[in-house]
Protein chains: 4
Amino acid sequence: MIISMKQHTPQTGVDEVCQRIRDFGYKIHTIEGVERVVIAAIGVGDVTACLESLEAMPQVERAVRISAPYKFVSKEFKKDKTVIRLRNCEIGGGEFVVMAGPCSVENEKQIMESAEAVAAAGAQVLRGGAFKPRTSPYDFQGLEEEGLKLLRKAGDAMGLTVITEVMSDRDVPLVAEYTDILQIGARNMQNFSLLKNLGKAGRPVLLKRGLSSTMKELLMSAEYVVAHGNNDVMLCERGIRTFETVTRNTCDLVAVPVLHEMTHLPVVVDPSHATGKRSLVPALCRAAVAIGADSILMEVHPCPEKAVSDGAQSLHLPTFAAMMRDLQPYVALWKRERSGARS
Amino acid sequence: MIISMKQHTPQTGVDEVCQRIRDFGYKIHTIEGVERVVIAAIGVGDVTACLESLEAMPQVERAVRISAPYKFVSKEFKKDKTVIRLRNCEIGGGEFVVMAGPCSVENEKQIMESAEAVAAAGAQVLRGGAFKPRTSPYDFQGLEEEGLKLLRKAGDAMGLTVITEVMSDRDVPLVAEYTDILQIGARNMQNFSLLKNLGKAGRPVLLKRGLSSTMKELLMSAEYVVAHGNNDVMLCERGIRTFETVTRNTCDLVAVPVLHEMTHLPVVVDPSHATGKRSLVPALCRAAVAIGADSILMEVHPCPEKAVSDGAQSLHLPTFAAMMRDLQPYVALWKRERSGARS
Amino acid sequence: MIISMKQHTPQTGVDEVCQRIRDFGYKIHTIEGVERVVIAAIGVGDVTACLESLEAMPQVERAVRISAPYKFVSKEFKKDKTVIRLRNCEIGGGEFVVMAGPCSVENEKQIMESAEAVAAAGAQVLRGGAFKPRTSPYDFQGLEEEGLKLLRKAGDAMGLTVITEVMSDRDVPLVAEYTDILQIGARNMQNFSLLKNLGKAGRPVLLKRGLSSTMKELLMSAEYVVAHGNNDVMLCERGIRTFETVTRNTCDLVAVPVLHEMTHLPVVVDPSHATGKRSLVPALCRAAVAIGADSILMEVHPCPEKAVSDGAQSLHLPTFAAMMRDLQPYVALWKRERSGARS
Amino acid sequence: MIISMKQHTPQTGVDEVCQRIRDFGYKIHTIEGVERVVIAAIGVGDVTACLESLEAMPQVERAVRISAPYKFVSKEFKKDKTVIRLRNCEIGGGEFVVMAGPCSVENEKQIMESAEAVAAAGAQVLRGGAFKPRTSPYDFQGLEEEGLKLLRKAGDAMGLTVITEVMSDRDVPLVAEYTDILQIGARNMQNFSLLKNLGKAGRPVLLKRGLSSTMKELLMSAEYVVAHGNNDVMLCERGIRTFETVTRNTCDLVAVPVLHEMTHLPVVVDPSHATGKRSLVPALCRAAVAIGADSILMEVHPCPEKAVSDGAQSLHLPTFAAMMRDLQPYVALWKRERSGARS
């Protein structure tokens, strides 16, 4: 920690701060600058508690932590990328994984058709929501357990891994029974009760970045899951909220290389929620591959115009198939880049 | 709904849209503009589903709802302000209510001292966290049930109403047993599982605005609670997230009169989280009263420098007492304004 | 400056950084932390250039300046508040100043009527735009010199100080000829060519905060004006841009006490642009007084429905008169607070 | 325009609005909805003035324009992409153009070395600042005319097109004398005096998006330049300002396909300012190519550690050369995509 004192703080004020820092188990290093005194605290201790205590002292101008607030998810803790093994593929290694499917599981026909098309196009994972976080209490809230069953059935029929969202700590065991990957939505990224319960869920977790969450906060939320016992976490950029209104969200695509510098966890891009508009999805998918994402998670639907949710951002199945073909040369370059980076 | 078609859409494309709208039970009104066709849909139906379906059609440029997406919380539904009756006061009526206390309940001595000072200064409600939403899994997570007991004890000793946060739908019954008001934190504003469970909680709810939530979304979350059976909801502005870093958050104080125009629910301002800095709190409290808030919710602590959380934004107890005195003439003007507005 | 090195940087890398810092004329203080080396640079030098150079070195994790980047505008440089003397009043001292008038000067009748009402209501300054920054090239761009003349005439007729916007360094002499205060719009807050030219303009400057400018950047822009020779600068909070769309902008009202802590310059609030909506203006004016602003700058119009710009946020003249009356008890409290603070 | 009235507006209020709309030359179409009256205005007129007037009427809930506020820059006005012909290349056509060079022109040796490396790596345009917009008045402000001369000399020596920034309407003729492309910085995107003067400058313009400007506003600023007589405008995404602090700005890369849908003007990406960090630039360049940008504009320097500005985001010349090689297969795919799109 580096603590800068307010200008003209008397020596007694400086001493009081030094004593407080020592009380937390740190050693002190005092630097007399031209304008003010700066104190460095060295050692290992409860950084947050110490920082909060110092910031509450009136003579302290600012207290800044130097070390990262997360541990297990950091590159410093583990250099090699985390590779998450799934039924039919692995994420974070040498394979570019595509997850696709409808926003909501609506009925057996719809999810079966989707699964067939997803498998035929060469994607590895089937998505589909059974518990839906909806802004309005009057909107479709999902088929719940019935939806989970249909998703599982469709995935099994096509040999696909399945992913679905869980919204409450109470539902974790139920959802984990049916799905291969547990998805945590953007609005629940800091639902700490839920995060803690994922530690023992026995399933990999896909953690979406909150609408106005910083990358550090995303990593802290991942740290919750890992610290509670589950190492298999992937992070998902799905667009953040800004002043721009032409797109549903603003995709912070640079988050991909930034996160690769900060953490060993795989990084996924969701081009559907990031844009909200079908016509923008293929270009963003190409860019996501080019910038080095480990996977994309996107929405497709047999008939988007009749979808109960997110139709405007869902690709028609033939468009999806075409997009997957067009993506191949980019994936080939991705593999070359990846093998180079790992060699 | 108003649906504007893309330029040069052929008649068959317009017809297809019209049919879709009729399928949802609406009547059609077509307007041939100079540049494009615009369609008005009139009637009552499932607006969201219809909008989503239309937006998914390629010939549609934009589909806009005219009616508000919320109902029970709107001024149109209920003109008179909602007044929430508590043990020793009421919020939303002719009384300006002050809620104060420490961020976390830490031990009996701390909460008792706080309660005494809160009561002595003339505040009506005691706050104190027992379940704490912390960004880091390594930070203090609250005393849980033990904290609830201490808070209740302190409130009872001083004749104060008590408020505390609940973080999981699972904990609602437990927390409701000990507290008078259930607080929903900013990070849980769109935790829809939790919101639904508040409907039958039998306690008034204080709903904090999410860090990047619009006022409409705040109202939709309140609508969840009301639609599930609980009318006693108050809304809380606690600062939103912007690019500015000098303050912890940016207080959108104008949200107070805006919400008063949109809803009958009481509006509370939290000057502590909105600023993150003790020295700014008194001025913001004055402004909150002047702009017409129904209540403020703020942090005080017997010894902020030793607080386990939020020390930098907590007022010392004597400063709080002084601030309460200085606030009185503003509260007097508030009462005059309020009685005028209601006469 | 505090420079933290990347973990595991070899000694040669640390030495290279130390040498670079010494080359800029600073003394070095090296701190060996548990995880990394941190270096403090002490002395006086070209901080920005040194910081930029260090940040460009691959072994540097982060370089943070401790001292403020501005000088003349800081409280450390000058403790007493700057008081700007105008024709009929002073801003920054013991008087609460109201500036009001139409968005644009449209014709003689309109500006004369406005001036009469502004004076009658007790305001001291008349505003009116002659050069208008409009998002669209097809919108009314202002009466230019003709508008300046009318504004001057109206101000003189009523004994009011006048304020108007200048948009180009080229126009500074012309505008300064007719007006008492030069207004710099939000979109020009970082028009550095313009700022430099204000140094010798011989007129006080009202500098509006940019739509997404931090308070530090606002102070740096003020520093430009002062460093080029003009001490009479007032800062204006007029709402920043956020994700919220119900109001035109989001008023960061807490900027007022924050700026009072950082600078000696007077702080003005513009409730019209901050909200974009007439009905919200009176409540925000009360709050601006209560939070300690030195002045408000607002839009009024004899017939807002026929205004060529900003009609929706302009008060009708009788509403303005009523608002001024209602504001008096708040201004009285403001004076008490101000005299207390200065005693 | 679509105008929705407030609920329960009496017929006289509706009539008043209808008359106002007719006064602006529009025809009226009234729609009686279940909850409120909605009015459609059909025809051609001064949309902004009419909208402003209607929004100022108390009985109007909302007034929304349907047609785009820009004309010349829209796809509707001109279907074919604008191709801007330069000395040695064209932007907007079948060629992917790379613009590179130092942030500031510092001296002859520096700009010459840069130009050589830029040309050797296969880039077509040399950038270099002579007038620098700096947040602080105490930072290096550029070599001004001397810098322009050096840039021109270096460009000529290597057969490169040159681009440099102009900051004031006053400087347009001078800068236009030396440079091939006039760059407008983000902070000047809404410097309307400057924009107007670009109309007759006789040089193509690269217009950077403002830090918090919407894409519509960017297009409106481009419309200013075109409406004043200059068709050769390219738009540049250089990162917007959000709450995220790990990167200097947040790159809204999806702006590229969005702008391609809205306008015929070429779109450029600036990966240097968008990230602020050298290590992130190559990945973002790949993504910019993949998503369909027409060009990239980036910073390189012979010795970034000694650069007077932006060293941390400038690539070393050998890294730039390597990056250009690695980019080739992506550019090849871009050409395939482009030729397909145009065939």
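The values are calculated or read from the model by the stated rules, or taken from the named source; none is laboratory data. This one's a predicted model, so the numbers in the text were calculated from it and none came from an experiment. Neighbour counts are summed over all protein chains in view; Cβ atoms, including those assigned to glycine, are modelled from backbone coordinates with ideal geometry.
Return the total of residues in region D:266-291 being in contact with a strand residue (DSSP E or B) (Cβ under 8 Å, 6 or more places away or on another chain) and under 19 Å from D:E337 (Cβ atoms).
Of the residues in that region, 8 qualify.
Inspect region C:214-222 for any residue being buried (at least 24 other Cβ atoms within 10 Å of the Cβ), out of contact with any Leu (no Cβ under 9 Å at 6 or more places or on another chain) and either facing chain D (nearest Cβ under 9 Å) or more than 30 Å from A:L211 (Cα to Cα) (or both) and give the result as yes or no.
Yes, region C:214-222 contains a residue that is buried (at least 24 other Cβ atoms within 10 Å of the Cβ), out of contact with any Leu (no Cβ under 9 Å at 6 or more places or on another chain) and either facing chain D (nearest Cβ under 9 Å) or more than 30 Å from A:L211 (Cα to Cα) (or both).
Cβ contacts < 7 Å: first residue of a type in the set (D, E), restricted to region B:224-235; second residue surrounded by 21 or more Cβ atoms within 10 Å (Cβ to Cβ), any location; separation 6+ or different chain. Result?
Cβ pairs passing all conditions: B:D232/B:I84; B:D232/B:P204; B:D232/B:V205.
What's the number of the only condition in (1) within 10 Å of chain B (Cβ to nearest Cβ); (2) closer than 23 Å to C:L143 by Cα that C:K306 fails to meet?
The one condition C:K306 does not meet is (1).
List pairs: first in region A:210-222 and in contact (Cβ under 8 Å) with a residue 24 or more places away in the chain, second of a type in the set (K, R), Cβ under 7 Å, 6+ apart or cross-chain?
If the second residue must be of a type in the set (K, R), the pairs left are A:L211/A:R241; A:S212/A:R241; A:S212/B:R241; A:L218/A:R209.
Counting only residues that are touching a Leu at 6+ places or on another chain (Cβ under 9 Å) and either over 24 Å from C:E223 (Cβ atoms) or not β-branched (V, I, T) (or both), which one in region C:258-272 is surrounded by the fewest Cβ atoms within 10 Å (Cβ to Cβ)?
Per the criteria, the residue is C:E261.
Looking at D:E61, D:E52, D:E76, can you tell me which residue is modelled with pLDDT under 95, within 14 Å of another protein chain (Cβ to nearest Cβ) and part of a strand (DSSP E or B)?
One residue alone meets the criteria, D:E61.
Going through region A:51-65 one residue at a time, which ones are free of Cβ contacts under 8 Å to residues at least 60 places away in the same chain and surrounded by fewer than 18 Cβ atoms within 10 Å (Cβ to Cβ)?
A:P58, A:Q59, A:E61, A:R62
Would you point out which residue out of C:Q141, C:Q183, C:Q190 is under 23 Å from D:N197 (Cβ atoms) and touching a Gly at 6+ places or on another chain (Cβ under 7 Å)?
That would be C:Q190, the only listed residue that is under 23 Å from D:N197 (Cβ atoms) and touching a Gly at 6+ places or on another chain (Cβ under 7 Å).
If D:L297 satisfies every condition in (1) buried (at least 22 other Cβ atoms within 10 Å of the Cβ); (2) assigned to a helix (DSSP H, G or I) but one, which is the exception?
(2)
Take the residues in region D:223-237 that are surrounded by fewer than 22 Cβ atoms within 10 Å (Cβ to Cβ) and outside any helix (DSSP H, G or I); name whichever of them is nearest to the other protein chains (Cβ to nearest Cβ).
This residue is D:H228.
Limited to region C:198-224, what total is found for residues that are under 12 Å from D:T135 (Cα atoms) and in contact with a strand residue (DSSP E or B) (Cβ under 7 Å, 6 or more places away or on another chain)?
Qualifying residue count, region C:198-224: 4.
Looking only at helices (runs of 4 or more DSSP H) that lie completely in region B:93-193, which have at least 1 residues being buried (at least 24 other Cβ atoms within 10 Å of the Cβ), in contact (Cβ under 8 Å) with a residue 12 or more places away in the chain and of a type in the set (A, V, I, L, M, F, W, C)?
Ranges flagged: B:108-120, B:145-158.
Report, by residue number, each residue of region D:10-35 that is in a loop (DSSP other than H, G, I, E, B) and either at the interface with chain B (Cβ under 10 Å from one of its Cβ atoms) or buried (at least 20 other Cβ atoms within 10 Å of the Cβ) (or both).
Residues satisfying the conditions are D:Y26, D:G33, D:V34, D:E35.
Of all residues being aliphatic (A, V, I, L, M) and either under 21 Å from A:V37 (Cβ atoms) or at pLDDT below 85 (or both) in region C:36-49, which is surrounded by the fewest Cβ atoms within 10 Å (Cβ to Cβ)? Just the residue, please.
Among residues in region C:36-49 that are aliphatic (A, V, I, L, M) and either under 21 Å from A:V37 (Cβ atoms) or at pLDDT below 85 (or both), the one surrounded by the fewest Cβ atoms within 10 Å (Cβ to Cβ) is C:V44.
Restricting to region D:125-142, name every residue that is of a type outside the set (F, W, Y) and within 18 Å of D:K153 (Cβ to Cβ).
Selection gives D:V125, D:L126, D:R127, D:G128, D:G129, D:A130, D:G142.
Checking D:V300 against (1) over 24 Å from D:N191 (Cβ atoms); (2) away from chain C (no Cβ under 14 Å): exactly one of these is not met. Which one?
(2)
I'd like the full set of residues that are more than 23 Å from D:L315 (Cβ to Cβ) and either among the charged types (D, E, K, R) or facing another protein chain (nearest Cβ under 10 Å) (or both), limited to region D:256-275.
Correct list: D:P257, D:V258, D:L259, D:H260, D:E261, D:M262.
Determine which member of the set C:V256, C:V289, C:V331, C:V281 is touching a residue at least 40 places away in the same chain (Cβ under 8 Å), part of a helix (DSSP H, G or I) and under 22 Å from B:V281 (Cβ atoms).
C:V289
If we keep just the residues of region D:66-92 that are in contact (Cβ under 8 Å) with a residue 40 or more places away in the chain and among the polar types (S, T, N, Q), which is farthest from B:E32 (Cα to Cα)?
Only one residue fits best here, namely D:N88.
Could you please let me know if D:T179 is away from chain C (no Cβ under 14 Å) and in contact with a helix residue (DSSP H, G or I) (Cβ under 9 Å, 6 or more places away or on another chain)?
Yes: the conditions hold for D:T179.
Going by what's in this entry, would A:D294 be described as away from every other protein chain (no Cβ under 11 Å) and among the charged types (D, E, K, R)?
For A:D294, the condition - away from every other protein chain (no Cβ under 11 Å) and among the charged types (D, E, K, R) - is met.
For region D:187-211, give me the residue count where each residue is of a type in the set (G, A, S), at the interface with chain C (Cβ under 9 Å from one of its Cβ atoms) and within 19 Å of D:V268 (Cβ to Cβ).
Qualifying residue count for the region: 1.
Checking C:L206 against (1) out of contact with any Phe, Trp or Tyr (no Cβ under 8 Å at 6 or more places or on another chain); (2) assigned to a helix (DSSP H, G or I); (3) crowded, with 24+ Cβ neighbours inside 10 Å, only one condition comes out false. Which one?
Only one criterion in (1) out of contact with any Phe, Trp or Tyr (no Cβ under 8 Å at 6 or more places or on another chain); (2) assigned to a helix (DSSP H, G or I); (3) crowded, with 24+ Cβ neighbours inside 10 Å is unmet by C:L206, namely (2).
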